[in-house]
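Have a look at the structure below before the remarks.
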Amino acid sequence: MTTTTAFDPGAEAARATSAILHDTLHGTDRGVVVDSPPGAGKSTLVVRAALELADAGRPLMVVAQTNAQVDDLVLRLAEKNPELPVGRLHSSDSDPYDKALDDLPNVRKSAKAADLRGTPVVLSTAAKWAHVTVDEPWRHAIVDEAYQMRSDSLLAVAGLFERALFVGDPGQLDPFAIVGSEQWAGLSYDPSGSAVSTLLAHNPGLPQHRLPVSWRLPASAAPLVSGAFYPYTPFRSGTGHGDRRLSFAVPADGSGPDRVIDEAAESGWGLLELPARHTPRTDPEAVRAVATVVRRLLDRGGAAVSERSPDPTPLTADRVAVGTAHRDQAAAVRAALAELGVSGVTVDTANRLQGREYDVTVVLHPLSGRPDATAFHLETGRLCVLASRHRHACVVVCRAGVTDLLDAYPSTEPVQLGTLVKFPDGWEANHTVLAHLAEHRVPWRP
Amino acid sequence: MSLITTLARLEAVSTGVAQPAATVRHRHLSGQPLVFVPLTTSGEAGAPLGALVGTDRDAPRLLVVPQPRDRDLRFAFLAELADVVLPYLDSYAGSVEAAERTETDPETGKRVKVEVELCADAPQLIVPGRAGIEYVRLLGRSMRFRRTAEQDPEAPYPAPPRVPLLGRWLTHFGERARVPGSSLLLAMTDLLSRHWATGQSGIEDQHLGALLAWIDPPRGSTGAAAARTAELARDTDGQLVCPPAGPATDPAFDNKLLAPAFERYDRARTALAGAEDGLQADTRLGILTAAEREIRDLVASRTRPTWDAVWRGLDLLHRLPEGARVEERWTRDRWSFTGHRDRVLAGEPPQPRRDDAVTAANKLATREREQARLDAQEALDDPLVMAGRRLSGEAFAGEVLDVVMAYGEGKRPSPRPLVTVRTEDRPQLAEGAKTYRSLGGKPQSMEFVGQEAAGVVVLRVLDKMGRGKEPEPGSVPEKGDRFTLTLFEHEQRGGAKLPDPEATPWTHGGPPGEGVPEPADAMTQEDVL
């Protein structure tokens, strides 16, 4: 079932992809930058570009940011082309890569880059690549999650390749440093900035592309995420309003958690609003509310229908995730879930949920219960990651009063000269999201 | 702010006295620090008004600029400052010990050990507050590109010899102060608030007088009351009893005392210049000297309380025993000092105005590594700091309930004993998480296997048991052993090597190009008032 608009998501996406591949394979520029909104097929693009470059006989190195991302790309490459020899360069720590790679006959694994030389595609993390030295650079590189890569880690690896395709999501969390770096703010090569901002500051003429369609986000979520976090580079969802459905076998028991689940199943969004209160970070009531929502999601026999299969897929624990701002909050939610006897649900911080996809997400709002709105909690990327991991529905648990907090709390960050001002700012994005969530509000006093 | 700091501050409020935030001293203190209490002129960026400086608490050297808008007087001040600071630095530059350093051999490209000099000790600068560190940086920046008459005979206002050199050193100290855990240049307020938690906010802690009042209140007063007095009390002339630690001065002092004194000085100077004969000149010189003395007394009266406060702070800190790993960090400061000494001796140009891409990335990497090292070392050195980490779930203390011998898979089975530990802490352990305990000063890693019951965790020992099939004696915990395990690593790995600046890649703008000697700031109208 598709909507009758003139917009054909498949064709639009195909057009963007072929332009990117053309620039990558036949362009004259040393770099190509691709901005990809959440779930727009970034990994698919990376895999496809890798295969085409390998077909063209160009030795290729792939730089990703985490070992999980590298392993995921290796698995996808092997799935698309099991014949292609692939090198997985890994660290010398114990258990350095996903054991699933051991079952792939054409994947060679080594801790030494020299062992893998000659393999058409070699993949590793930026941290590992930084220790590699070569006499002759690779003809081509693909840098994945380039907006989450720090400028200094690109500096460490950029000497390894001649040309590169940089792919990433500008709306997600910016990289950060654990010490102050104001000293270099405003410099084009600020080492704590993102790799892409340094790259574009020094090479403003590079071709920049954009993937226009999110295949992950449902029609209920794409307009909000696009409007709140990508105001100048809008995107659409690949599916229409009726293409995805979430239903539950067990009817609601009338409690807050059940009502918010129904609201989210119906509209894609649900806000479970607890009474206003200043709380510690690991707000026990909010944490318990999150855990209860998850418990009820699993207990009520959820089934998801999507364009992927005509038959309903059961909503199991591995299709649900909980997102928080802080690690101690995640730990508290894990403990609360364990108490309720729930296992197998991913609970993590926004930083670690980047790039992941679930059917339903339950989010503890970063500003819930806080007396202040710091730059960390206001960061647009944090909210964007948390609000864009789901294929069907997202339930946000939050204390009332966040809008007042946003209005009352002034921004205290010093203004740095010469830095690129990021739009939208966290304040505005938070308001946009809250205004939308208010329409799906279920007040609840636990 | 961590939970334990919040608790300590609450306790300070309820008891009225600052609470210890550390049981050992986490920064190196030199036996002979150079204390520097600068004052600046309000409304004039980088125009020093005066300073107390020296290594003898009873005999500070008072340096004063009687008219800060006068360039010559400003330079005279800086030259005098150089006369105090540079001999102090030199006294450390000469005494060296032999040390080894790994360097890349330019011919073979291999890492080889080279014998180099390492200064046996390093100088230490103490300023009253964080603004003092900024001021050291500002002075360094304003001086290091100056040209002396010898370097550039055409320079309109040649700097006195050694002033540019002082600028380079102050710049080095200012840069080093950005490295976490370094002790070459320290602010007393930072030192004190690292070791004590007061019942006021972090910003209020930057008032040295108030901070000391919380830590060491006068007999019969609470810290809170004494801090309030330190911040607000004024004498009958409306002057603060405890003058701000600087470099900025109190506006009431500027308006009521300093400005009229400047005016008298200026008038006396003009009068002297217009003297018609020797006798008249003598009398007028007397007036000028008196006017200058007046300004000197004013500057002394505002810096001396701060000077004494800094030394009082040092006394308080010396009462704490030095942390076990402080010495190791101080050795890094000695390397830093030796390195800059060598660059100066080799005739290298002053530090550039801006770091190039590679230098900036290297500095950031070093600072991040030092921050992680400092966090780990402070916790390992100090049970109170460790308690904070335990409270936040990053460490846990426990008692061994049981040890079961087990072996790893693989061709040569190596010992991988399973240790059951009971703890009352609540560590944030995820499946397969690594934890570390200190075994004879070295970290031994254990992997989290699972939770047996509430507060009972099972860990697998992974290393430090020797090469044999049987673990070396003492390397495996025994039943009844008590120790603390951390979720953070104890030691930091070195980062990747970045390219040389000449090999800066195209993504970062390519090589920065040949460094041209940086010109001094161009003259502006404000400079020649």
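A short reminder: the numbers here are calculations on the coordinates, not readings from a lab. These figures come from a predicted structure and were not determined experimentally. Here the Cβ is made from the backbone with ideal geometry for all residues, glycine too, and neighbour counts use every protein chain on show.
Loop sites by DSSP among the GluC sites (Glu not before Pro) of chain B, restricted to those with at most 10 other Cβ atoms within 10 angstrom, leave B:277-408 as the longest stretch without any of them.
Dipole magnitude for chain B: computed about the Cα centre from +1 point charges on Lys and Arg Cβ and -1 point charges on Asp and Glu Cβ, it is near 1160 debye.
For A:A113, the shell of other residues with beta-carbons less than 14 Å away shows a net charge of +3, using +1 for Lys and Arg and -1 for Asp and Glu. Shape annotation for the range A:1-146: C-alpha extents along the principal axes are 54, 36, 27 Å, from largest to smallest. Potential lengthening of the chain between B:A233 and B:E327 amounts to 29.8 nm, from the contour at 0.36 nm per residue minus the alpha-carbon distance.
Against the main long axis of the alpha-carbon atoms of chain B, helix B:130-144 sits at an angle near 60°. Restricting the trypsin sites (Lys or Arg not before Pro) of the range B:402-438 to loop positions (DSSP other than H, G, I, E, B) with no more than 15 neighbouring Cβ atoms within 10 Å leaves B:K411. With contacts taken as Cα pairs under 8 Å and at least 6 residues apart, the range B:113-187 reaches a relative contact order of 40 percent. In the structure shown, the pairs A:K42/A:K109; A:K109/B:K469; B:K363/B:K411 are assessed against 32 Å; a Cα-Cα span above that value is assigned to B:K363/B:K411. Rounded to the nearest 0.05, the FRET efficiency derived from the C-beta distance between A:A438 and A:T133 at R0 = 60 Å is 0.60.
Bridging of B:K442 to lysines at a Cα separation below 16 Å is possible for B:K434, B:K464, once same-chain residues fewer than 8 apart are set aside. Put a plus charge on the Cβ of each Lys and Arg, a minus charge on the Cβ of each Asp and Glu, and nothing anywhere else: the dipole of the protein assembly as shown about its Cα centre is then about 1440 debye. Taking all Cα pairs closer than 8 Å and separated by 6 or more residues, the relative contact order of the range B:379-486 comes to 30 percent. The alpha-carbon positions of chain B define a convex hull whose volume is 208 Å³ per residue. On the beta carbon distance between B:K110 and B:E348, with R0 = 25 Å, the FRET formula returns roughly 0.45.
How big is the range B:379-486 by the Kirkwood estimate over distinct Cα pairs, in Å? For the range B:379-486, inverting the mean 1/r across all distinct Cα pairs yields 14.1 Å. For chain A, modelled as a GNM whose springs connect Cα atoms under 10 angstrom apart, the maximal fluctuation among A:H22, A:H392, A:H431 occurs at A:H22. In loop segments of the range A:364-446 as defined by DSSP, the trypsin sites (Lys or Arg not before Pro) with at most 14 further C-beta atoms inside 10 Å of their C-beta are A:K422. Two decimals is fine: what is log10 I(q)/I(0) at q = 0.05, 0.09, 0.10, 0.11 Å⁻¹ for chain A, from a Debye sum with one equal scatterer on every Cα and no solvent? Values returned for q = 0.05, 0.09, 0.10, 0.11 Å⁻¹ are -0.18, -0.60, -0.75, -0.91. Please check chain A for the longest run free of chymotrypsin sites (Phe, Trp or Tyr not before Pro) that are loop-located per DSSP (anything but H, G, I, E, B) and have at most 13 other Cβ atoms within 10 Å. It works out to A:233-446. Over all other residues within a Cβ to Cβ distance under 12 Å of A:E263, the charged ones net out to -3, with Lys and Arg as +1 and Asp and Glu as -1. Compared with the direct C-alpha span, the chain from B:R61 to B:N255 gains 67.3 nm at full extension, assuming 0.36 nm per residue.
The alpha carbons of the range B:1-129 stretch over 60, 53, 30 Å along the principal axes, in descending order. Assuming a viscosity of 0.890 mPa s and a temperature of 25 °C, what translational diffusion coefficient in µm² per second does Stokes-Einstein assign to the range A:395-439, Rh being the Kirkwood radius over Cα pairs? My calculation gives 198 µm²/s for D. Counting alpha carbon pairs within less than 8 Å and at least 6 residues apart, what relative contact order, in whole percent, applies to the range A:324-397? Relative contact order comes out at 39 percent. Among A:T28, A:T198, A:T346, which one moves the most in a GNM of chain A with springs linking Cα atoms closer than 10 Å? Of A:T28, A:T198, A:T346, the Gaussian network model singles out A:T28 as fluctuating most. Among the trypsin sites (Lys or Arg not before Pro) found in the range A:75-125, those both in a DSSP coil and sparsely packed, with 12 or fewer other Cβ atoms within 10 Å of their Cβ, are A:K112.
For B:E399, project a label point 7 Å along Cα to C-beta. Then give me every residue of the range B:419-442 with its amide nitrogen under 11 Å of that point. Inside the label zone: B:422-424. In summary, the lysines within cross-link reach of B:K110, defined as a Cα separation below 19 angstrom excluding same-chain residues under 8 places away, comprise A:K112, B:K497. I'd like the FRET efficiency for A:A111 and B:E491, computed as 1/(1 + (r/R0)^6) with the beta carbon distance as r and R0 of 35 Å, rounded to 0.05. In this case the efficiency is close to 0.95. Just to confirm a number: summing +1 for Lys and Arg and -1 for Asp and Glu over residues other than A:E182 whose beta-carbon lies under 11 angstrom from that of A:E182, what do you get? Neighbour charge sum, excluding A:E182 itself: -1.
Its DSSP H runs of at least 4 residues, each contributing -39,500 (n - 2.57), put the calculated 222 nm mean residue ellipticity of the protein assembly as shown at -11500 deg cm²/dmol, to the nearest 500. Here is the tail figure for the protein assembly as shown: Cα pairs spaced more than 41 Å apart come to 50 percent of all pairs.
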